[in-house]
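Reviewing the structure listed below.
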Amino acid sequence: NYEIDLFQALIKAVAKLAGTQDLENSSLKVVADHIRACAFLVVDGVVPSNEGRGYVLRRIIRRALRHGHKLGMRDAFFYKLVAPLCEQMGDAYPELNKARAQVERVLQQEEERFAETLDQGMVILDAAIAGLKGKTLDGETVFKLYDTYGFPVDLTADIARERGLSVDMAAFEKAMEAQRERARAASQFDVAYGGDLNVEGKTEFTGYDRLQEGAKVAALFQDGQPVQTLKAGEKGIVVLDHSPFYAESGGQMGDQGSLVAKGANFQVVDTQKQGGVHLHLGSLSEGSLKVGDTIEACVHGDTRRDTAYNHSATHLLHAALRKILGDHVQQKGSQVGAQRLRFDFSHYEAVSAEQLQQIERMVNEQIRLNNPVETRVMGMDDAVKAGAMALFGEKYGEKVRVLSMGDFSMELCGGTHVARTGDIGLCKILSEGGVAAGVRRIEAVTGEVALAWVEQMQGRMNNIAELVKSDSERADERVKQTLERLRSLEKELERLKGKLASSAGSDLASQAVDVKGVKVLAAKLEGADPKSLRDLLDQLKNKLGSAAIVLATVNEGKISLVAGVTQAQTKQIKAGELVNSVATQVGGKGGGRPDMAQAGGDKPEALDGALAQVAAWVEARL
């Protein structure tokens, strides 16, 4: 297939970038093949990541980059092949032309991130292979490349295979497991329950329309083992035949509340899911609880309500992101609790302040419209045909729950939500930032928490206004004026310091002593800063001609040292050695170039004595 016109054109495009005439080079074919796969994956909404299909894309990109490396291409090149690919396939696949700029940005960013890793890894791998006595690359080297330098294991295996070598994967896995054990030992987290429990059946979830109802205890667990009874003061897990408690899934945190029986009260701190069974985690505060007991399950209403505000807001946020940033945006994870929401999404660059403002306004506009939040249960195929968004990586059954908010948002979701969008009240975005390559994160608050945040910000604004003696509406302008004045004063201070340093330089120059034809000066200045010392050092070097100079200042018990040696004397005297001869006596160390070096120290009481020995130190080296 590499002989067809499509591939020949791409191979020639790669060869042109690589500056080679050898069109039979197999690396040209690999790169030409991989630009097709990568471009269409990005068009389909995939971005490089460390899991799922995003990891598949990352592996393909990195394999292409490694073959580009073999062709001698050290600068970013892969993204430049999107243009010739569009020429070949753009007519048949118009979406490729439409998304060209996005594809180029995604590939270029991934390439730039990986370039340094590739260069470092290849140097280490080449050295390890050159030193091999057999035909097997040891697992420790593979692990070091992966753990220390981020060099992918599959890439190491590819390179080894091409060179007729095998990889000791058993030793690599052993090193990986040792690392995992170290991580587990260092972990400060207390696991709620260890591993899978031996529990069967299914808990019927009844919490969509009620927060309290009677249920029967189907099973009890303590320390991962089934028990018949829990006693007061004991931690454990309760399984019910049906429950209004939502078990953590789809990013929504598990419900909290209580399970109450005659004389018994089990406080639920979290609800998890294992298979189809809801696990109520907590402790028994009083009485005893037995398998078969009838209890009253009571969910904390305020916590559930606030969580619903945040969960519904993530749906509006997801839709707004796609409308403002583009259809390539896909949910990559979320965490929804009572206090705030966190939403991860695929995007190749930071979201601008203007875009964030547009997104927030759009979400709040939908809240004010107060559209009903409707749920329907239908077949998976019917839901997708109706336009419902399904999250990649999520497992769905034949029947799915479709959640709609007006004509703005439609997603598959099993979580708990508000009845109308207006219930959310207010959504305020707190932050936006990157969490992985091609993945961004937004954190936001809603409802009462959002209102409290706004009130807090208003309070801070009022405080700032009071400090700058203005009202809150004009405080920003007053702060701007104050900062401009501050910068003006700083510049004036720098000018005066320079003038002072120049004046001090004239006085200090006269204190230099002649040591075998070299002017040696070691002096302490009061009230100087490190920059003033450097400026003064340059002036003294120009003034003295052949010289070796050490200047020092003390601020709040900390010593700053700077040493300078004129160029002609650096063969005999190194500024780094000179400054360290003083620094070691005052509790510090430093370094720098042969003609200029800096150091610090924390023993000001020893400074005068150390400076007094500089002339003798220089004389011993001339």
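The values are calculated or read from the model by the stated rules, or taken from the named source; none is laboratory data. Owing to the predicted nature of the structure, the values given are computational and were not obtained by experimental measurement. So basically every Cβ, Gly included, is an ideal-geometry build from the backbone, and we count neighbours across all protein chains shown. Ligands, DNA and RNA are excluded from the accessible area calculation, which covers all protein heavy atoms including side chains. Shrake-Rupley method; radii C 1.70, N 1.55, O 1.52, S 1.80 Å.
Points worth noting:
- Restricting segment 138-148 to residues that are modelled with pLDDT under 85 and of a type in the set (Ser, Thr, Tyr), the residue that is surrounded by the fewest Cβ atoms within 10 Å (Cβ to Cβ): Thr148
- Criterion applied to Gly68, Gly45, Gly52 was being open to solvent by 30 Å² or more (accessible area, probe 1.4 Å) and touching a residue at least 12 places away in the same chain (Cβ under 8 Å), and the one residue passing it is Gly52.
- In the set (1) surrounded by fewer than 21 Cβ atoms within 10 Å (Cβ to Cβ); (2) modelled with pLDDT of 90 or more, Gly564 fails one condition alone, (1).
- A search for C-beta distances below 7 Å between a residue of segment 579-607 that is under 28 Å from Ala568 (Cα atoms) and any residue that is part of a loop (DSSP other than H, G, I, E, B) and open to solvent by less than 40 Å² (accessible area, probe 1.4 Å), counting only pairs 6+ apart in sequence or on different chains, returns Pro594/Thr570; Asp595/Thr570; Ala599/Gly588; Gly600/Gly588.
- One residue from Val291, Val373, Val351 being surrounded by fewer than 19 Cβ atoms within 10 Å (Cβ to Cβ), among the hydrophobic types (A, V, I, L, M, F, W, C) and touching a strand residue (DSSP E or B) at 6+ places or on another chain (Cβ under 6 Å): Val291
- Candidate set: segment 589-622, residues that are more than 16 Å from Ala522 (Cβ to Cβ) and out of contact with any Ser or Thr (no Cβ under 8 Å at 6 or more places or on another chain); chosen: the one surrounded by the most Cβ atoms within 10 Å (Cβ to Cβ): Gly592
- Of all residues in segment 260-288, those being among the aromatic types (Phe, Trp, Tyr) and either closer than 24 Å to Gly250 by Cα or open to solvent by 30 Å² or more (accessible area, probe 1.4 Å) (or both) number 0.
- Residue match in segment 123-137 (condition: in contact (Cβ under 8 Å) with a residue 12 or more places away in the chain, buried (at least 20 other Cβ atoms within 10 Å of the Cβ) and part of a helix (DSSP H, G or I)): yes
- When residues of segment 510-537 are limited to those that are more than 20 Å from Lys491 (Cα to Cα) and of a type in the set (Asp, Glu), the one surrounded by the fewest Cβ atoms within 10 Å (Cβ to Cβ): Glu526
For (1) in contact with a Lys or Arg (Cβ under 6 Å, 6 or more places away or on another chain); (2) outside any helix (DSSP H, G or I); (3) under 26 Å from Asp154 (Cα atoms); (4) among the hydroxyl-bearing types (Ser, Thr, Tyr), each residue gets a yes or a no:
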site	(1), (2), (3), (4)
Leu6	no, no, no, no
Ala9	no, no, no, no
Thr20	no, yes, no, yes
Val30	no, no, yes, no
Pro48	yes, yes, yes, no
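- Meets criteria (without any contact (Cβ under 8 Å) to a residue 40 or more places away in the chain, in contact with a Leu (Cβ under 7 Å, 6 or more places away or on another chain) and open to solvent by less than 60 Å² (accessible area, probe 1.4 Å)) for Ala39: no
- Residues that are open to solvent by less than 40 Å² (accessible area, probe 1.4 Å) and either under 19 Å from Asn370 (Cβ atoms) or over 24 Å from the mean Cα position of the chain (by Cα) (or both) within segment 418-444 comprise Val418, Thr421, Gly422, Ile424, Cys427, listed in sequence order.
- Annotation: of all residues in segment 563-615 being more than 11 Å from Val550 (Cα to Cα) and in a strand (DSSP E or B), the one that is farthest from the chain's Cα centre (by Cα) is Gly601.
- Number of residues in segment 89-101 that are in a helix (DSSP H, G or I), touching a residue at least 12 places away in the same chain (Cβ under 8 Å) and surrounded by fewer than 20 Cβ atoms within 10 Å (Cβ to Cβ): the value is 3.
- Filter result (at pLDDT 90 or above and crowded, with 23+ Cβ neighbours inside 10 Å) within segment 55-64: Leu57, Ile61, Ala64
- All positions within segment 323-337 that are open to solvent by less than 20 Å² (accessible area, probe 1.4 Å) and within 17 Å of Asn310 (Cβ to Cβ): Val336, Gly337
Results for (1) modelled with pLDDT of 90 or more; (2) under 21 Å from Gly121 (Cβ atoms); (3) touching a helix residue (DSSP H, G or I) at 6+ places or on another chain (Cβ under 6 Å); (4) hydrophobic (A, V, I, L, M, F, W, C), shown as yes or no for each residue.
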| site | (1), (2), (3), (4) |
| --- | --- |
| Lys16 | yes, no, no, no |
| Arg74 | no, yes, no, no |
| Phe77 | yes, yes, yes, yes |
| Ala99 | no, no, yes, yes |
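- Test: residue in segment 543-556 that is part of a helix (DSSP H, G or I) and either in contact (Cβ under 8 Å) with a residue 60 or more places away in the chain or not aliphatic (A, V, I, L, M) (or both): yes
- Among the residues listed as Gln358, Gln331, the single one being modelled with pLDDT under 90, in contact with a helix residue (DSSP H, G or I) (Cβ under 7 Å, 6 or more places away or on another chain) and among the polar types (S, T, N, Q): Gln331
- Among residues that are under 25 Å from Val618 (Cα atoms), surrounded by 14 or more Cβ atoms within 10 Å (Cβ to Cβ) and modelled with pLDDT under 80, Ala504 is included.
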